[in-house]
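Student: Sharing a structure below in structure tokens format, with a few things to ask.
Bear in mind these aren't lab numbers, they're just calculated from the coordinates by the rules spelled out. The shown structure was predicted, so the numbers you read here are calculated from the model rather than taken from an experiment. No Cβ is skipped: glycine too gets one built from the backbone with ideal geometry, and neighbour counts run over all protein chains shown.
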Amino acid sequence: MRFFLIAGEASGDQHAANLIRALQQRQAESRFAGLGGECMRKAGCLIVQDYKNMAFMGVAAVLAHLGEVRRNFRIARTSLLHEKPDVLILVDYPSFNLRMAAFCRNHLPGTRIVYYIPPKVWAWKTWRIHRIARLCDLVLGIFPFEPAFYARYGHTCRYVGNPTLDNIRAREQEQTYARPRENLIALLPGSRRSEIEHCLPVMLEAARRAAQEKKEQGEEPPRIAVAAAPGIEDPFYNRWLDGETLTRDTYELVSRARSAVVNSGTATLETALLGCPQTAVYHVACSKWLGWLKPLIFSTRFFTLVNIIPDKEVIQELVGARFSRRNIEDELRRLTDDTAYRQRMQENYAVIRRQLGEQNAADQAAEAICSLSSQTNQ
């Protein structure tokens, strides 16, 4: 079997690599090629373009790098036609991947198309659901509410489990003892340079003020550590740091921290599954219009997965106009000092884990893909 995978970000690279390994266990002689990163390469995939040359988010970033975006499409199209895969596997990265799905459907009609980690149509751009269903032979979701959402529009999506939880479980199996929380604030400012530039300075100011307040009260001030994103070099962060620790082991940091400030995204779910009390933040341009625009753009009550999965407010979302140094500082104080608040948050984290289930996402996805492939070859 020949598989072609497209992952455009660090998390997609990791999840795609796990899927490749699961497919190899079932199809030992298979060939893998695609767009991705080092994780996929180590799993045995021929990488024709590194995702680090593809991570452009937002209209402004895409326009600023339009030549590179067009080049990435050319590389993807040429490589896809050269490989002529039995199965094209799309991993998240919707704007690029949906265009590639359409290209594949038109030029390689015999190739089956699978979307693993499909776009978050339940949150926004719901109209995409019909395009996904039209282009893809199989849609494999990673949130337990996705099958019901697709069914509401007359389409099918299979829940295979959550790869983030799988990563957490694997780490827990390696750890042979329970680690106590340290007097430490973890800052997770995002995975893209624009996110970090907007969020990290405000995060740092709030954390420093929270630490100074403890010192003035005669208590030991918390240490502050920043999680660095894959592919972004240390000097990019160092211009804002003043004695704070910079680490590239996010799971280790969050496992030790007493509280965390997290840029909204998958990292909020990771932080919850690692059991660290947190608040989520996100910078929004023209944030004063967010309250008015939200019902027109977003389909969910909440912004973060930690609140969306249980459909209740588990953590505070300091998004748009609420994203400020003062609000972060107030929430850090609450996360540190309010024992009952921390306990409720931990109990809700346990509920989320149960909702995500016990199945391994990569194994379930590989089983579904191999079943689809066997149907094709009959």
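Student: Can you give the helix-only mean residue ellipticity at 222 nm for the chain, where every DSSP H stretch with n ≥ 4 adds -39500 (n - 2.57) and the sum goes over all residues, rounded to the nearest 500 deg cm²/dmol?
Tutor: Helices in the chain give a 222 nm mean residue ellipticity of -15500 deg cm²/dmol.
Student: Modelling each spin label as a point 7 Å along the Cα-to-Cβ direction, I'd like the GLU347/ALA321 distance in nm, to one decimal.
Tutor: Each label point is offset 7 Å from its Cα along the Cβ direction, giving 3.3 nm.
Student: Can you sort LYS120, LYS214 so the residue with the fewest Cβ neighbours within 10 Å comes first?
Tutor: Exposure proxy ranking, most exposed first: LYS214, LYS120.
Student: Can you give the log10 of the normalised intensity I(q)/I(0) at q = 0.07 Å⁻¹, computed with Debye over equal Cα scatterers of the chain?
Tutor: Scattering profile of the chain, log10 relative to I(0): -0.32.
Student: How much length would be gained if the chain were fully extended between ARG193 and ASP50, taking 0.36 nm per residue of separation minus their Cα-Cα distance, in nm to one decimal?
Tutor: 49.8 nm
Student: On to the next question. Just want the ordering: VAL139, VAL319, VAL281, from fewest to most Cβ atoms lying within 10 Å of their own Cβ.
Tutor: In order of increasing Cβ crowding within 10 Å: VAL319, VAL139, VAL281.
Student: If you don't mind, another one. With springs only between Cα atoms under 10 Å apart, run a GNM on the chain and tell me which of ARG26, ARG41, ARG112 wobbles the most.
Tutor: Sorting by GNM fluctuation, first place goes to ARG26.
Student: Note the per residue figure in Å³ for the convex hull of the C-alpha positions in segment 174-356.
Tutor: 131 Å³
Student: Out of PHE236, PHE32, PHE143, any idea which swings most in a Gaussian network model of the chain, alpha carbons joined below 10 Å?
Tutor: Greatest mean-square fluctuation among the candidates belongs to PHE236.
Student: Connecting C-alpha atoms closer than 10 Å in a GNM of the chain, tell me which of ASP166, ASP86, ASP311 has the biggest fluctuation.
Tutor: The residue with the greatest mean-square fluctuation here is ASP311.
Student: If you don't mind, there's one more thing I want to ask. Taking every eigenvalue of the Cα gyration tensor of segment 101-194, multiplying by 5 and rooting it, what semi-axes result, largest first, whole Å?
Tutor: 35, 16, 15
Student: So, in nm, how far is label GLU367 from label ARG128 when the simple model puts each one 7 Å beyond its Cα toward the Cβ?
Tutor: Between GLU367 and ARG128, the label points sit 2.8 nm apart.
Student: So, one more: How do THR78, THR247, THR336 line up, fewest other C-beta atoms within 10 Å first?
Tutor: Ascending Cβ contact count within 10 Å gives the list THR78, THR247, THR336.
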